[in-house]
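S.K.: The following block contains the structure, expressed as structure tokens.
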């Protein structure tokens, strides 16, 4: 801007200078035409020659000198110079402010760079700390994984030992049950009186507890039938026609108990069928009880009359017991 203003002033001076020189040339030319009068001339004044005596022969002459020089280029130049000086001062002020702003910006950028440097150093320190923490965590995870593997192996071994203990416990419990449970069997049976017309057919069965503990809640469901030798029955048939009777306790170690078995009254037709078809008297049924381990147990029994005697032998089938 300053250069442009100076260039403009130079152009304006160049324009004003030729006009002044031209006016001065014209004045010189006029003064040369009337040299005598030109020495004492003043601006805007007319002089008349009155020497009529010495110049009677010549015609009167009138010389008019006009000074065209004016003072306007000076004050215009002063105004332009003052304007240029003010403009230069303003440009210097603006440049100073711009320089101050640039210095402030430079200081701000320096502060930012310094802060970024601190942040970079802090991040580097954090990165180192995180790397150390990662290594520590990795080592801890490795140790934890190894520990978990060892614990898993120990748990597997303990589970195996637990299974062995459970098996041994089951064997021990089963052995104790075999050793201390009640085992009731039907020992023998017989007719309490001969089978005659008009009398009830009655029999008795002896049961023994061969276990080492008593049998509780003993109940007997017995039947007397006249059937062929190959008579068989099921447990549901043996339990049919159950009649509630007071429960009994059968002592341990071979203590016997006699239970009566009753049937209907014999008639002539029954006696005839026995003789004609060779039917045998069967005493059969089931005994229910509970052992010391609170398990429900059962024993089936089946006896067949031997010939015409009142003694009975175990049947071919039907003598069974639970396998607990």
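S.K.: Condition check: touching a strand residue (DSSP E or B) at 6+ places or on another chain (Cβ under 8 Å) and free of Cβ contacts under 8 Å to residues at least 40 places away in the same chain. Does residue 256 satisfy that?
M.R.: no
S.K.: Still on this structure: What single numbered condition from (1) surrounded by fewer than 17 Cβ atoms within 10 Å (Cβ to Cβ); (2) part of a loop (DSSP other than H, G, I, E, B) fails to hold for residue 269?
M.R.: The number of the failed condition is (2).
S.K.: Right, here's the next one. What single numbered condition from (1) assigned by TED's automatic domain parsing to the domain that holds residue 284; (2) farther than 24 Å from residue 237 by Cβ fails to hold for residue 223?
M.R.: (2)
S.K.: Can you pull out every residue in the range 201-224 that is assigned to a strand (DSSP E or B) and either touching a helix residue (DSSP H, G or I) at 6+ places or on another chain (Cβ under 7 Å) or loosely packed, with under 14 Cβ neighbours inside 10 Å (or both)?
M.R.: The one that is assigned to a strand (DSSP E or B) and either touching a helix residue (DSSP H, G or I) at 6+ places or on another chain (Cβ under 7 Å) or loosely packed, with under 14 Cβ neighbours inside 10 Å (or both): 221.
S.K.: In the range 290-299, is there at least one residue being loosely packed, with under 11 Cβ neighbours inside 10 Å and under 21 Å from residue 208 (Cα atoms)?
M.R.: yes
S.K.: Same structure, new question: Do the conditions hold for residue 231, that is, is it touching a helix residue (DSSP H, G or I) at 6+ places or on another chain (Cβ under 8 Å), in a loop (DSSP other than H, G, I, E, B) and either touching a residue at least 12 places away in the same chain (Cβ under 8 Å) or under 19 Å from residue 205 (Cβ atoms) (or both)?
M.R.: The answer is no for residue 231.
The values are calculated or read from the model by the stated rules, or taken from the named source; none is laboratory data. This is a predicted model, so every value here is computed, not measured. All Cβ positions, glycine included, derive from the backbone under ideal geometry; neighbour counts span all protein chains shown.
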